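Student: Pasting a structure below so you can have a look.
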Amino acid sequence: MLKKPASREGGSLAAKSLEVYKALSIEARRKILDLLIRKGPLDLEECSKIVKIKPITVRHHIRVLEQAGFVEAFTVGREAPGRPRQYYRAVKRYVNLGFPTRRFDLLSEQALKALTSKIGAKEAEKLLQAEAEKLGKELLSRLSAKHGVQNWDFEKFKKYVYPALEELGCYPLIEEGNGKFTLKFFNCIYYEISKKFHPIVCNAHEAFLKPLAEASGFVKEDHESFLSRDEDACVIRFKAKP
């Protein structure tokens with residue numbers, strides 16, 4: 001028999017947003033959350049073995065994720081003497097950050113409607129991609145100047161670009177192997193507008209990442225899933241440039 005704990009309700013928007021920031025600000029927590037999304041439910045020992053973090057530390061991270069509403073615990077009734085076994089699973093939810101709420105998406109929606117009406121959806125998409133790529137190049141230029149980077153590679157991407165994406169509020173998780181890497185975004189900073197203008201906005205986000213990845217020797221291979229389609233994460237895979 002499964003037993004779910006009572007959910008935590010109430011609290012101000014600011015307090016809830018701070019809990020979300022706290023929960024996703026540590027990469028280890030994002031790894032645990034990603035693990036529970038992909039392979040959960042799991043118990044504490046299973047999580048510890050897979051992410052290679054001590055159980056006591058995993059317990060702390062899971063507690064923070066629970067408080068923010070990303071993870072829930074449940075117990076399985078005794079099948080043998082001893083304490084019931086406790087498991088953890090991810091709670092499917094969209095991360096909505098902000099205190100107070102600012103509705104820039106309303107203006108963005110009107111602007112995109114006007115743009116697509118004026119020049120057509122395909123031309124609007126091309127225009128947005130071009131502008132997003134410019135933003136990516138500007139970020140790359142700022143990071144190069146700030147950190148004195150002349151030649152980018154994957155290690156510098158992880159060291160400098162990755163934190164910049166975190167600062168934007170994307171909360172990415174990076175996975176690498178076999179000459180490729182994957183970015184998983186657990187928060188979409190364009191969520192409201194991307195829901196209404198998919199894939200235009202999502203393709204613009206890809207265009208923003210393009211110069212950052214290419215400077216480090218990679219190109220996009222696949223955009224596997226989208227938060228705008230209510231999937232668990234926005235997953236973009238990159239491969240080494242031919």
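Student: Please turn the phi angles of segment 198-206 into ³J(HN,Hα) values with the Karplus equation 6.51 cos²θ - 1.76 cosθ + 1.60 (θ = phi - 60°), one per residue in order, whole Hz, x for glycine and proline.
Tutor: Once rounded to whole Hz, the list reads 8, x, 4, 5, 5, 5, 5, 5, 4.
Student: Another question about this same structure. So, in nm, how far is label Arg38 from label Arg83 when the simple model puts each one 7 Å beyond its Cα toward the Cβ?
Tutor: Those two pseudo-labels are separated by 2.9 nm.
Student: Can you tell me the order of 227-237, 150-160, 124-134 when each peptide is scored by its average per-residue count of other Cβ atoms within 10 angstrom, highest first?
Tutor: Taking the mean over residues of other Cβ atoms within 10 Å, the ranking is 227-237, 124-134, 150-160.
Student: Could you tell me which of Ile37, Ala130, His147 has its Cα farthest along the dipole of the chain towards the positive end, charges placed at Cβ (Lys, Arg +1; Asp, Glu -1), taken about the Cα centre?
Tutor: Farthest along the dipole direction, towards plus: Ile37.
Student: So if I place +1 on the C-beta of Lys and Arg and -1 on the C-beta of Asp and Glu, and nothing else carries charge, what would the dipole magnitude of segment 104-240 be about its Cα centre? I want it in debye, nearest 20.
Tutor: On the way: 20 positive and 22 negative charges, 76 e Å.
Dipole about the Cα centre, nearest 20: 360 debye.
Student: Oh, and also: Relative contact order (percent) for segment 28-89, with alpha-carbon contacts under 8 angstrom and 6 or more residues of separation?
Tutor: The value is 38 percent.
Student: Can I ask one more? Working only with C-alpha atoms, what are the Rg and Dmax values of segment 135-175, expressed in angstrom?
Tutor: Rg, Dmax (Cα atoms, Å): 10.1, 27.
Student: Quick one: net charge of His205's neighbours, Cβ under 13 Å, K/R +1, D/E -1?
Tutor: Charge balance near His205 sits at -2.
Student: Another one. I need the phi-derived Karplus couplings for segment 29-41: 6.51 cos²θ - 1.76 cosθ + 1.60, θ = phi - 60°, integer Hz, Gly and Pro marked x.
Tutor: Coupling constants for segment 29-41: 5, 5, 5, 5, 4, 4, 4, 5, 5, 7, 10, x, x Hz.
Student: Now, a different point. Taking the chain as the region of interest, what is the percent of Cα-Cα pairs per 5 angstrom bin, listed from the shortest bin to the one with the maximum distance?
Tutor: 1, 6, 12, 15, 16, 16, 13, 10, 6, 3, 2, 1, 0, 0, 0
Student: Still on this structure: If you line up the long axis of helix 121-147 against the longest principal axis of the chain, both from Cα atoms, how many degrees apart are they, to the nearest 10?
Tutor: It is inclined by approximately 80 degrees.
Student: Hey, another quick one. Would you mind working out the magnitude of the charge dipole of the chain relative to its Cα centre, with +1 at each Lys and Arg C-beta and -1 at each Asp and Glu C-beta, to the nearest 20 Debye?
Tutor: That gives the chain a dipole magnitude of about 520 debye.
Student: Okay, moving on. Pick out, from Phe197, Gly169, Ser108, the residue whose Cα sits farthest towards the positive end of the charge dipole of the chain, with +1 on the Cβ of Lys and Arg and -1 on the Cβ of Asp and Glu.
Tutor: Selected residue: Gly169.
Student: Any idea what the relative contact order of the chain is, in percent, if you count C-alpha pairs under 8 Å spaced at least 6 apart?
Tutor: 17 percent
Student: With a 10 Å Cβ neighbour count serving as the proxy for reagent exposure, in which order, fewest first, do Val20, Val76 appear? Walk me through the intermediate numbers first.
Tutor: Values: Val20 20, Val76 14.
In order of increasing Cβ crowding within 10 Å: Val76, Val20.
Student: Would you mind checking the tilt of helix 55-67 against the longest principal axis of the Cα atoms of the chain, expressed as 0 to 90 degrees and rounded to 10?
Tutor: 70 degrees
Student: Kirkwood Rh, segment 104-240, all Cα pairs: how many Å?
Tutor: 15.5 Å
No value in this document is a laboratory result; all are computed from the given coordinates. None of the values given here were measured: they were computed from a predicted structure. Using ideal geometry, Cβ is built from the backbone for each residue, glycine included, and neighbour counts are taken over all protein chains shown.
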